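Engineer: Supplied in structure tokens, the structure appears directly below.
Any read-out appearing in this document is the output of simple, stated calculations on the displayed coordinates, not a laboratory observation. Owing to the predicted nature of the structure, the values given are computational and were not obtained by experimental measurement. For neighbour counting, all protein chains shown are included, and Cβ atoms are generated from backbone atoms with ideal geometry for every residue, glycine included.
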Amino acid sequence: MQYEEIPTQQIIDRLRQTLEPRIGIAEPSLPGRENSAIPFGIASLHARDEDDEDIALLKAGFDIYNIPITSYQRRLGSAVIAVRKIVRKLLRPVLERQVIYNFANTRVVQTLSIQLQKLQENQQNLEKKIKSEFSSGFPEVTAQLETQQNAIAAFQSEIEQIKVVQQQHTAILEKITAQLLDRQQ
Amino acid sequence: MTTLPICSLIIVNYNGLRHTKDCLKSLQKLAYPEQQLDLIVIDNCSKDDSVSSLRELFPKVRIFVNSANNFAKALNLGISQAKGQYIGFLNNDATLDSHWLEILVKRLGTNNKIGATSGKLLFKDGRINSAGIQQLPNFYWRDVGFGEKDSGQYDTEGEVEGLCWAAVLFRRECLEDVGPIDEDFVMYFEDVEFAKRCHKRGWKMLYTPAAIAHHEYRGSSKGSKLTEYFCNRNRFLYLAKHEPLQLVSSIHTSDFFTHKQYDLLFESLFVAIKKLRDYQKPEIIATVLPQLSEKLAVIYSRLKVDRILSRLQVVGGDRKMSIAIYDHGLHFIGGGQKYVATLASLLQNEFDITFIANKAVAVSDLESWYGLNLSRCQIKIIPLAFYEKRGMQCIDSSIIVEDMDNPFDEIARESKNYDIFINANQLEKVKPLSPISIFFCHFPNTFRNRHFAVDDYTFIIANSQFTIKWLDKRWNLKPTFLLYPPVEMATVKVPKEKIILAVGQFEAGGTKKQIELIQAFRSLLADYPEEFQGWRLVLVGSSIPRNPYLKTVQNLLKQDSRAIEVKVNADLDEVKSLYARASIFWHGCGFGEVNPQRFEHFGMATVEAMQNCCVPIVFNGGGQPEIVQHGRSGFLFNTVEELCQHSRQLIVNPDLLAELQAGAQQRSQNFRLARFEEKVKRFFEIIHQEYATIRLPNPADVAQMVESDRDR
């Protein structure tokens with residue numbers, strides 16, 4: 001089973017890294033690092049598009065219990081805060097259940113998003129691979145295809161020309177028909 | 001010629017076959033009787049084929065392999081093997097004129113006060129490499145005449161401050177009188193330091209220009225960066241040993257300081273302070289150390305300086321390593337608390353252990369609660385104002401939300417007074433300020449929040465694979481290793497009775513599922529009255545007063561208490577007796593739950609039962625599947641129907657019951673104290689070894705480091 005054995009070398013390396021570090025000058029500040037407080041390193045996550053923004057929002061907002069309680073009311077502010085805190089305390093079991101549910105949802109969405117991204121990458125890679133293999137592996141087929149494509153293009157252009165001629169003929173025909181009708185009248 | 005004394009010449013080799021070959025060839029041409037020459041090569045753990053090739057090419061040369069890549073150590077090894085009256089050191093990139101040895105031997109023979117002599121050392125192009133060494137201002141040293149054209153300006157014999165060890169000949173008595181070369185220097189500056197000791201002992205160093213040797217500039221050690229590193233580092237060691245009052249003023253003139261290589265400066269001074277403590281009188285140390293400490297605190301933080309001074313006390317053997325074990329719930333009896341108390345009992349002879357608690361509790365309490373000897377441990381109570389003000393007995397960190405100050409900063413400040421800080425009960429908001437810190441995680445109860453500090457710990461130790469899974473899921477962290485709790489509950493063997501035992505706290509939230517177990521037992525009695533004739537369900541557990549859940553259980557039994565007993569806060573002997581007599585063990589914790597916190601994170605009671613040959617039928621969740629192998633050492637259930645089915649299976653089949661009882665007992669051995677002890681001792685032995693030892697730099701690593709720095 002994983003982690004059952006003592007990883008001696010890993011422990012030694014970690015100790016050496018800790019005890020004989022390539023140290024800087026700054027002293028670690030007592031309050032926790034701001035970034036470490038945000039799950040999954042959200043601070044470093046640059047929202048690439050709206051989906052990413054939504055996932056970032058999920059990650060930042062899944063914990064609905066640990067939220068700052070504030071009030072901007074001048075006189076009743078502290079009373080409002082106290083009441084809100086009491087309500088939060090009363091609702092704790094429910095809120096905790098919701099937090100766990102939210103967390104699981106967030107993880108699932110994130111996992112799916114990563115998987116989707118991987119799949120898209122794989123698909124692009126495969127497309128590239130197929131294209132390159134096809135062109136390098138079967139040059140005569142590619143040449144034939146190109147010839148056929150050119151022929152099709154030429155054929156399409158001929159059709160277009162015929163269509164134009166047809167339209168011209170139709171117009172002339174219509175004109176003649178109209179003239180004939182005029183004459184009959 | 002045969003009257004000449006035996007001379008041992010020691011050559012140190014590290015991945016330098018080409019140079020060493022040339023050097024040995026030049027020795028074959030010496031105008032010195034071959035039988036009087038004792039040639040020694042010390043290989044510094046070369047990674048090329050040096051040793052086997054040299055053995056093949058020079059069968060008469062004695063070759064030894066050093067245990068580390070350390071030039072000074074190699075020379076000491078060579079000296080210990082040398083047979084000669086005179087002992088020479090040669091760099092492997094040096095070659096000797098044929099009369100070099102003869103001249104120096106004769107010169108040493110004329111005056112017993114001369115401890116060592118060397119000749120004129122020239123580069124291949126004829127420029128001077130060294131005509132002795134001399135001190136410069138700012139405590140750096142240089143080769144006399146370095147790089148100058150040889151126009152006879154150094155052709156006068158004379159005493160010098162020191163000699164370059166690229167080619168030098170010592171009198172054996174001098175080496176023996178002065179003592180071994182200081183191996184902490186590794187390479188470079190060891191000649192300066194040794195010369196200083198020679199002078200202190202009254203030995204003279206003589207420059208004899210008639211003896212010529214040639215040296216390939218930095219052929220044996222790659223690049224000037226390596227030389228710079230060791231010369232700068234060892235300069236501090238030299239000063240700490242011989243001119244301690246200059247140590248503080250030497251910092252600003254150090255290349256490490258002027259080049260802003262503060263990390264290298266820090267490492268070097270760490271070793272230098274050790275030297276100071278090892279070699280100087282207490283009054284000198286008392287003068288220098290505070291000055292040094294003040295100066296370093298300006299460059300680094302006070303915390304870092306205090307840390308190295310504190311660590312050096314351990315390195316010097318002045319005190320044991322200190323461990324602080326913080327448990328915010330130490331005043332309660334619990335499995336997690338027993339876990340760390342056991343750990344403390346195992347380590348108390350090798351470490352100074354202090355428990356840190358937030359509420360009043362004594363070492364004697366811990367001893368009586370857990371049956372342990374903790375006589376060498378101490379306890380320190382640090383009340384937390386936030387919880388005291390609110391009269392809270394339970395230190396619940398989850399009530400500290402985003403907008404609040406961190407009340408655990410007080411514990412963080414205390415942590416810096418110890419070498420190791422152990423956060424024993426996964427309180428995620430305590431920032432460790434000790435050099436080494438360990439976070440024991442029994443389950444990641446919270447989510448990452450503003451005061452989350454677990455990332456700052458050196459090591460994380462988890463109590464089960466289940467905890468490891470959630471540690472990753474919730475905190476995105478991986479443990480260093482897994483340490484199952486130690487369980488020792490085996491009692492005397494007595495005949496088994498028709499008892500189904502369930503041990504678990506009557507917890508107010510009902511996590512141990514006693515009500516569900518009662519209902520399951522009742523349904524078994526109703527469905528199979530004959531088969532379950534004489535069987536009893538005994539529910540044992542602790543409870544707080546006025547426990548509403550317990551009240552519900554008791555009310556349930558008031559209606560019908562047939563064959564069901566509830567034993568609240570039973571003493572240990574009674575629990576042991578029940579374990580010994582019970583045939584089957586039920587545990588339903590986690591059943592019907594979605595919150596992983598409400599699962600059994602490991603399941604000590606299950607192991608206790610198994611050690612007493614009770615067949616466990618436990619909920620298939622949390623840490624329980626790690627203990628019970630379904631069908632071999634018990635059963636895992638997912639539904640009440642499965643619980644009932646497996647129970648009946650055992651009751652109607654005594655052979656299967658006996659088989660699984662043996663299987664359970666065997667499986668439980670994996671979670672005994674011996675395994676725990678072995679792991680704990682091994683882990684802390686590694687920590688102690690690394691903390692109490694100053695590692696000497698390996699030149700190969702340093703070369704790689706300076707190389708990568710250059711690339712950056």
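Engineer: Which of A:VAL109, A:VAL165 comes first, and how do the rest follow, when ranked by fewest Cβ neighbours within 10 Å?
Structural biologist: Details: A:VAL109 15, A:VAL165 10.
Fewest-to-most ranking of A:VAL109, A:VAL165: A:VAL165, A:VAL109.
Engineer: Now for a different question. Give me the Å³ per residue figure for the convex hull around the C-alpha atoms of chain B.
Structural biologist: Residue-normalised Cα hull volume stands at 208 Å³.
Engineer: Can you list residues from other chains, or at least 5 along the same chain, whose modelled amide H is less than 5 Å from the amide H of B:GLN378?
Structural biologist: Placed amide hydrogens put B:ILE353, B:THR354, B:PHE355 under 5 Å from B:GLN378.
Engineer: Using the Cα gyration tensor of the stretch B:220-268, with a ≥ b ≥ c the square roots of its eigenvalues, what is the shape: rounded (a/c below 1.5), prolate (a/b larger than b/c) or oblate (neither)? Each step should come with its number before you reach the end.
Structural biologist: Numbers: a/c = 2.47, a/b = 1.42, b/c = 1.73.
Note, shape of the stretch B:220-268 comes out oblate.
Engineer: Rounded to whole Å and ordered largest first, report the semi-axes of the equivalent ellipsoid of the protein assembly as shown derived from its Cα gyration tensor (root of 5λ). List each step's numbers first, then the result.
Structural biologist: Values: eigenvalues 929, 483, 185 Å².
The answer is 68, 49, 30 Å, longest axis first.
Engineer: Give the calculated FRET efficiency between A:GLN149 and A:THR170 to the nearest 0.05, with a Förster radius of 35 Å applied to their Cβ-Cβ distance. Walk me through the intermediate numbers first.
Structural biologist: Values: r = 31 Å, r/R0 = 0.88.
For R0 = 35 Å, the calculated efficiency reads 0.70.
Engineer: How many angstrom lie between the C-alpha centres of the stretch B:119-139 and the stretch A:107-172?
Structural biologist: 77
Engineer: Do you know the relative contact order of the stretch A:55-120, to the nearest whole percent, from alpha carbon pairs under 8 angstrom that are 6+ apart? Numbers along the way, then the final one.
Structural biologist: Numbers: 30 pairs, mean separation 30.5, N = 66.
Relative contact order for the stretch A:55-120 comes out at 46 percent.
Engineer: What is the dipole size for the stretch B:326-453, taken about its Cα centre, with +1 at each Lys and Arg Cβ and -1 at each Asp and Glu Cβ, in debye to the nearest 20? Walk me through the intermediate numbers first.
Structural biologist: Values: 12 positive and 15 negative charges, 16 e Å.
For the stretch B:326-453, the charge dipole is close to 80 debye.
Engineer: Quote the charge dipole size of the stretch B:134-223 about the Cα centre in Debye, to the nearest 20; the model charges only the Cβ of Lys and Arg (+1) and of Asp and Glu (-1).
Structural biologist: Working: 11 positive and 17 negative charges, 12 e Å.
Magnitude of the dipole: close to 60 debye.
Engineer: How high is the relative contact order of the stretch A:53-185, given as a whole-number percent (alpha carbon pairs under 8 Å, six or more residues apart)?
Structural biologist: On the way: 32 pairs, mean separation 29.0, N = 133.
Computed value for the stretch A:53-185: 22 percent relative contact order.
Engineer: Hey, another quick one. Among B:LEU650, A:LEU76, B:LEU163, rank each residue by its count of other Cβ atoms within 10 Å, from fewest to most, as a rough exposure measure.
Structural biologist: If I rank by nearby Cβ atoms, fewest first, I get A:LEU76, B:LEU650, B:LEU163.
Engineer: Shifting gears a bit: Net charge around B:LEU237, counting only other residues with Cβ within less than 10 Å of its Cβ (Lys, Arg = +1; Asp, Glu = -1)?
Structural biologist: Details: positive: B:ARG233, B:ARG235, B:LYS241, B:LYS274, B:LYS275; negative: B:ASP182, B:ASP184, B:GLU190, B:GLU193.
Combined, the nearby Lys, Arg, Asp and Glu give +1.
Engineer: What dipole magnitude, in Debye to the nearest 20, does the protein assembly as shown give about its Cα centre under +1 on Lys/Arg Cβ and -1 on Asp/Glu Cβ? Before the final figure, lay out each step's value.
Structural biologist: Working: 107 positive and 107 negative charges, 367 e Å.
Here the size comes out at about 1760 debye.
Engineer: Tell me, how many Å apart are the Cα centres for the stretch B:496-527 and for the stretch B:341-376?
Structural biologist: Computed from Cα coordinates, the inter-centre distance equals 34 Å.
Engineer: Would you grab the residues whose amide H sits under 5 Å from the one on B:VAL65? Only those 5+ places off in sequence or on another chain, please, with H modelled 1.01 Å from N.
Structural biologist: B:ASP43
Engineer: Once you have the alpha carbon radius of gyration of the stretch B:531-637, what is it after dividing by 2.2 N^0.38 Å, with N set to its residue count? Don't skip to the end; give the middle numbers.
Structural biologist: Working: Rg = 14.5 Å, N = 107, 2.2 N^0.38 = 13.0 Å.
Taking N as the residue count of the stretch B:531-637, the ratio is 1.12.
Engineer: What does the structure give for B:399-406 when I average, per residue, the other chain Cβ atoms found within 10 Å of the residue Cβ?
Structural biologist: Working: counts 5, 1, 8, 6, 6, 2, 1, 3.
That works out to 4 on average.
Engineer: I've got another one for you. Per the helix-only calculation at 222 nm, which mean residue ellipticity applies to chain B, given -39500 (n - 2.57) for every DSSP H run of n ≥ 4 and division by its residues, nearest 500 deg cm²/dmol? All intermediate terms of the calculation are to be shown ahead of the outcome.
Structural biologist: Details: 25 runs with 285 residues, N = 712.
Calculated from helices alone, the mean residue ellipticity at 222 nm is -12000 deg cm²/dmol.
Engineer: Further question: Taking neighbour counts of Cβ atoms within 10 Å as a proxy for exposure, in what order, fewest first, do B:VAL540, B:VAL41 appear?
Structural biologist: On the way: B:VAL540 23, B:VAL41 26.
In increasing order of surrounding Cβ atoms, one gets B:VAL540, B:VAL41.
Engineer: Farthest toward the dipole's positive end in the stretch B:525-660, which of B:ALA658, B:ILE584, B:ILE564, given Cβ charges of +1 (Lys, Arg) and -1 (Asp, Glu) about the Cα centre?
Structural biologist: Of the candidates, B:ILE564 comes out farthest on the positive side.
Engineer: Further question: Between B:GLU565 and residues 5 or more places away or on another chain, which pairs have amide H atoms under 5 Å apart, with H built 1.01 Å from N, and which residues are they?
Structural biologist: For B:GLU565, the qualifying residues are B:LEU537, B:VAL538, B:LEU539.
Engineer: In whole Hz, what ³J(HN,Hα) sequence does the stretch A:3-13 give by Karplus (6.51, -1.76, 1.60; θ = phi - 60°), x for Gly and Pro?
Structural biologist: Karplus values, whole Hz, x for Gly and Pro: 6, 6, 8, 7, x, 3, 5, 5, 5, 4, 4.
Engineer: Can you tell me the relative contact order of chain B? Whole percent, Cα pairs under 8 Å, sequence separation 6 or more.
Structural biologist: Details: 1315 pairs, mean separation 59.2, N = 712.
Rounded, it is 8 percent for chain B.
Engineer: What is the distance in Å between the Cα centroid of the stretch B:228-244 and that of the stretch B:86-111?
Structural biologist: If you average the Cα positions of each part, the centres end up 28 Å apart.
Engineer: Tell me the net charge near B:ASP150. Cut-off is 14 Å between Cβ atoms, B:ASP150 excluded, with +1 for each Lys or Arg and -1 for each Asp or Glu.
Structural biologist: Details: positive: B:LYS120, B:LYS124, B:ARG127, B:LYS149; negative: B:ASP97, B:ASP125, B:ASP143, B:GLU148, B:ASP155.
Residues close to B:ASP150 contribute a combined charge of -1.
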